[in-house]
Amino acid sequence: AEKCDLKGKWKNELGSNMTISETDKNGYFLGSYLTAVTTHTNVEIKKSPISGVMVHSSQPIFAFHVKWTFSDSITTFTGQCFVDSSGERLETMWLLKATARSSDDNWASTRVGSNVFRRL
Ligand SMILES: CC(=O)N1C(=O)N[C@@H]2[C@H](CCCCC(=O)O)SC[C@@H]21
């Protein structure tokens, strides 16, 4: 299969954009994420740091987390980079953990979803 490279700029169908850096020889990478959406009202959305790891291969699997700079929450993404007829795409699933006031409220503090990113 052709090589799918994580490095570069990606966008998803929500309009969120992310940039992923070079991966080092151990597969670690950094980046930044600008989300188009948030559950928080009256916050200014800002770029947030990505740190992640991938397995070197032609269609690499990866995992990364985003520590949101404008809310007390973290999203972890897990996925794989594929090459198809229309180019490269990242197929991901994510978990968003928001800070709960107490363990009683914790049941409502994790969101899950899936998402596809294409090259910007
Ligand atoms: C790719 C995808 O589905 N998502 C995306 O691009 N933005 C939203 C979430 C943004 C969370 C911001 C902080 C917060 O509201 O707590 S992470 C999963 C979802």
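The values are calculated or read from the model by the stated rules, or taken from the named source; none is laboratory data. Values in this document were obtained by computation on a predicted structure and should not be read as measured data. When we count neighbours, we look across all protein chains shown, and the Cβ atoms used for this are built from the backbone with ideal geometry, even at glycine. These accessible areas exclude ligands, DNA and RNA; they are computed on the full protein's heavy atoms, side chains included. Shrake-Rupley method; radii C 1.70, N 1.55, O 1.52, S 1.80 Å.
Details
- Answer residue from the range 15-32, given it is under 15 Å from Thr92 (Cβ atoms) and touching a Lys or Arg at 6+ places or on another chain (Cβ under 7 Å) and is least open to solvent (accessible area, probe 1.4 Å) among those: Ile20
- Odd one out for Asp5 among (1) under 18 Å from Phe117 (Cβ atoms); (2) open to solvent by 80 Å² or more (accessible area, probe 1.4 Å); (3) in a loop (DSSP other than H, G, I, E, B): (2)
- For the range 20-39, the set of residues classified as within 12 Å of the ligand (Cβ to nearest atom) and at pLDDT below 95 consists of Thr39 only.
- When Thr76 is tested against (1) touching a residue at least 60 places away in the same chain (Cβ under 8 Å); (2) within 23 Å of Leu30 (Cβ to Cβ); (3) surrounded by 14 or more Cβ atoms within 10 Å (Cβ to Cβ), exactly one condition is not met: (1).
- Within the option set Asn42, Asn17, Asn106, being out of contact with any Leu (no Cβ under 7 Å at 6 or more places or on another chain) and modelled with pLDDT of 95 or more holds for one residue only, Asn106.
- Selection within the range 8-42: residues that are in a strand (DSSP E or B), among the hydrophobic types (A, V, I, L, M, F, W, C) and touching a residue at least 24 places away in the same chain (Cβ under 8 Å). The member of this set that is farthest from Phe64 (Cα to Cα) is Trp10.
- With respect to the conditions (1) open to solvent by less than 80 Å² (accessible area, probe 1.4 Å); (2) more than 10 Å from the ligand (Cβ to nearest atom), Asn12 lacks only one, and its number is (2).
- From the options Val37, Val116, Val112, Val55, residue that is surrounded by fewer than 18 Cβ atoms within 10 Å (Cβ to Cβ), β-branched (Val, Ile, Thr) and within 14 Å of Trp10 (Cβ to Cβ): Val116
- Look at (1) surrounded by fewer than 14 Cβ atoms within 10 Å (Cβ to Cβ); (2) over 13 Å from the mean Cα position of the chain (by Cα); (3) not acidic (Asp, Glu) and you find that Phe82 fails only one, number (1).
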